[in-house]
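Right, one structure below, let's go through it.
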Amino acid sequence: MSIANPITVEDSIVMLKSGRIKIPELQRSYVWKRPQVAKLLDSLYNEYPCGGLLLWFSGEAATLKDLSTNLGKGIKSDFEETVVLDGQQRLTSLAHIFDPATPRQDRVLFNIETEAFEVYSPRNASDSRWLDCTRFLVGEEQELQILRRLREAGIVTDSNEQTFLDRLKRLSAVKKREFPVESIKDTDLEVVTEIFIRVNSGGTRLREAELALAKMAWKLPGSLVGPLGTAVEECVVRGFELDSRFIMRALISVATGQARFRDLKAFWSQPASIIQAAWVRTEKALKHSLDFVEGNVGLPSSDFLPSQYALIPLIKVFADRDTLSQNDERTLRRWFLKASAFSHYAGSPETVLNQDLNVLGEGSIDLQALDAQLKRSLRSNPVIKADDLERAGSNSPYFHLAFLAAVNNGAKDWFNGIALKRRNFSDDQNIELHHIIPQKWLDERNVEPYRRDEMANLAFLGAKANRRILASRPETYLPNIDADRLRAQYVPMDSALWDVDRYEDFLAERRRLLTQAMNAVLEE
């Protein structure tokens, strides 16, 4: 590495607009929040240190991508591309500040009286003292225009005009602030990747999974990171919010039989063809696992997954097994439900996951051993008791069982009779949680939120049905709903319990009904 000439904010914006600045495939996405952008501008204004840039003049050695900004997007530069190895977050933030297309709600405002920087809010935007930094810095509003406007608002007077003018000049001067620059001209991608990993292990710290992703980008440039991103997007479309860290863990588990990212030197030393083959197996197994969770287990999205860790053994199974017998399918389904319900991975998830992967083995995959491992971990054959549902809300590890119990019992929308499921053509049939005893009446009686939002007071309804009920009194709307549709979601049929004043009795009875149904799901 060598020290290069400093670069000004203004020059960096010019380079961004011309398409000269890129980031390597191995770089993570833009992660800074709006308050961090405001803090950066505040530091530039006050001439505080803002960090430096590490730039790489790569030639044709790596697969590159654009920064997360509209400036220079899709433009092919006539000059040698400059690759940012460290400083992407700062440069992308600057691009947002100097981009007239940045939405108003994402902009930074400057208080000319207090010299404070804050992100946009309707409160400060309505106050003349707060100036839109983007409008000013890109020249949409000039100093004299601002002063004239502030004088009309009674903020600028003869006595303070020079002070405010000086502050505007100081804000404009952030364009001349300089970042120290170090540069690399080495074309050995492995060397550059090692530098990238060392540099990015500090500051906003990279997770081990992201470091592993960087290694993979070096090993298979342009051929794997893109498909991994596509896999993430496809999972989201399916309703499963699984990020690149999860999918990297799945790849490592399939390829090595262990789930930790550390100590993977032997794996990265494998030929690229072997790593590529492991990815092909992982991608296929991931899709089969989600099909199994949605189709065989019955869970429509990650909203109903207490822990994503329980997916990893499934992925390992489907990576090594082409077929499952009927008994295997039942064993795997029961294991997944119990591992999720009884927080199998709550303590030391990586340790427990490695134990599960070890008993699964390689190739033959021993599902009976996996099931026996779970029984040893739980130290019994646990059942859900009514007391377990007390104070348990939608984030409870039992919540997915309540959904499955309702679906297995033929739950339908309470008004139009359409069976409840996630994929519906009509938006008003998307599943929502409904308070059987509406919040309005419980809030009026000062019922504590954890009681009000208990799982025992939640039913699954289509969005339109939920809006239709809103804050109706339970003793008014429940009698108008078909009794079979209420029973399908284990609503107590003793109408005396529908009185808001009997809420505690209602909860107790519905907990009893739900636990019976949920235990039945576990033992199916």
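Below is a table of values for the structure above.
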{"item": "The chain: angle of helix 503-522 to the longest principal axis, Cα-based, in degrees nearest 10", "result": "80 degrees"}
{"item": "Placed amide H near D413: partners under 5 Å, 5+ positions off or other chain", "result": "I418, A419, L420"}
{"item": "Fraction in percent of alpha-carbon pairs per bin - 10 Å, region 388-522", "result": "13, 47, 36, 5"}
{"item": "Partner aspartates and glutamates for K17 [C-alpha distance under 17 Å; skip if fewer than 8 residues away on the same chain]", "result": "D66, D78, E80, E81, D99"}
{"item": "Peptides 488-501, 301-314, 318-331 ordered by average Cβ neighbours within 10 Å, highest first", "result": "301-314, 488-501, 318-331"}
{"item": "19 Å Cα cut-off, lysine pairs counted over region 208-378 (separation 8 or more, or different chains)", "result": "6"}
{"item": "Nearest 10 degrees, 0 to 90: helix 143-152 Cα axis against the chain principal axis", "result": "70 degrees"}
{"item": "Other-chain or far-sequence residues with amide H under 5 Å of L131's (modelled H)", "result": "F110, N111, I112"}
{"item": "FRET efficiency for N124 and E504, using Cβ-Cβ distance with R0 set to 60 Å, rounded to 0.05", "result": "0.85"}
{"item": "HN-Hα J in Hz across region 397-406 - Karplus 6.51, -1.76, 1.60, θ = phi - 60°, x for Gly and Pro", "result": "x, 8, 4, 4, 6, 5, 5, 4, 4, 5"}
{"item": "Difference of contour (0.36 nm per residue) and Cα-Cα distance, E350 to I481", "result": "42.5 nm"}
{"item": "Residue-averaged 222 nm ellipticity for the chain, from DSSP H runs of 4+ at -39500 (n - 2.57), nearest 500", "result": "-13500 deg cm²/dmol"}
{"item": "Long-range HN-HN contacts of R473 with modeled amide H, under 5 Å", "result": "none"}
{"item": "Shape call, the chain: gyration tensor on alpha carbons, a/c limit 1.5", "result": "oblate"}
{"item": "Computed FRET value (nearest 0.05) for T230 with Q145, which takes r as the C-beta separation and R₀ as 56 Å", "result": "0.75"}
{"item": "Extension reserve of the E362-D303 stretch, reckoned as 0.36 nm per residue once the Cα distance is removed", "result": "18.1 nm"}
{"item": "GluC sites (Glu not before Pro) restricted to region 122-177 and DSSP loop, no more than 14 other C-beta within 10 Å", "result": "E140"}
{"item": "Additional length obtainable on full extension of the chain from S159 to D11, 0.36 nm per residue less Cα span", "result": "49.7 nm"}
{"item": "Whether region 228-276 is rounded, prolate or oblate, judged on the alpha carbon gyration tensor where a/c under 1.5 counts as rounded", "result": "prolate"}
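Laboratory data are not the source of any read-out in this text; all were calculated from the coordinates shown. Small disclaimer: the values here were computed from a predicted structure and weren't measured. Cβ atoms come from the backbone with ideal geometry, glycine included; neighbour counts cover every protein chain shown.
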